[in-house]
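The structure under discussion appears below in the form of structure tokens.
The values are calculated or read from the model by the stated rules, or taken from the named source; none is laboratory data. Owing to the predicted nature of the structure, the values given are computational and were not obtained by experimental measurement. What goes into the accessible areas is simple: the full protein's heavy atoms, side chains included, and nothing from ligands, DNA or RNA. Shrake-Rupley method; radii C 1.70, N 1.55, O 1.52, S 1.80 Å.
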Amino acid sequence: VRARGQPAGRPPLVVTGPWEIGGLAPARSGHVFQRMQVAETLTGVAEDGTPAPGLAERWTVSPDGLRWRFELRRGVRFHDCAPLDAQAVVRSLREATTPPAMPSLAPIDAIGATPDGAVEIRLKTPFASLAAVLAHSIALILAPACWGADGSVRAILGTGPYRITA
């Protein structure tokens, strides 16, 4: 793992943990990549257990509870220098909400990008826990270059302060 901004001439910081990486897909090892701060989710969890900003700096919910709008942090880049944008978030979230993944239990009707670069999630029925579900490690936001043509994860390129180098 190499810390962001670490000079190239220095040896990488080697970090180990008590976790086994069972594969690159967030459904298999997302908890490891999230705990090791390699990749992030749209929302996080505050110390008191309530939803907190993550890659989304804020969100709003329509009065009927069916439309959630997430505004992304500006200036964020993936480890391959690609900018974090709504399309990358939509791609990752569509994968994360594919059954049988836990986030697929949310009554999501559609996930899309808005013209102004936000992410909008439309629900079939109101679901107050959506922000908490999006903090789950399966919902990691990965760079577009991570995905193979067959939809599988080929590499882990996140937005966290550390990156996988080997």
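Taking the C-alpha atoms only, the angle from helix 26-35 to the longest principal axis of the chain is near 70 degrees.
Could you tell me whether region 10-96 comes out rounded, prolate or oblate from its Cα gyration tensor? Rule is a ≥ b ≥ c as square roots of the eigenvalues, rounded for a/c under 1.5, then prolate if a/b exceeds b/c, otherwise oblate. Here region 10-96 falls in the prolate category. For region 27-78, the Kirkwood radius over C-alpha pairs fed into Stokes-Einstein at 37 °C and 0.692 mPa s yields D = 261 µm² per second.
The mean accessible area for residues of the chain, using a 1.4 Å probe and ignoring ligands and nucleic acids, is 54 Å² per residue. Using alpha carbons only, what's the Rg to Rh ratio of the chain with Rh from Kirkwood? Reported Rg/Rh, Kirkwood definition of Rh: 0.97. Helix 86-96: angle to the longest alpha-carbon principal axis of the chain, degrees 0 to 90, nearest 10? Taking the Cα atoms of the chain, the angle to 86-96 is about 90 degrees.
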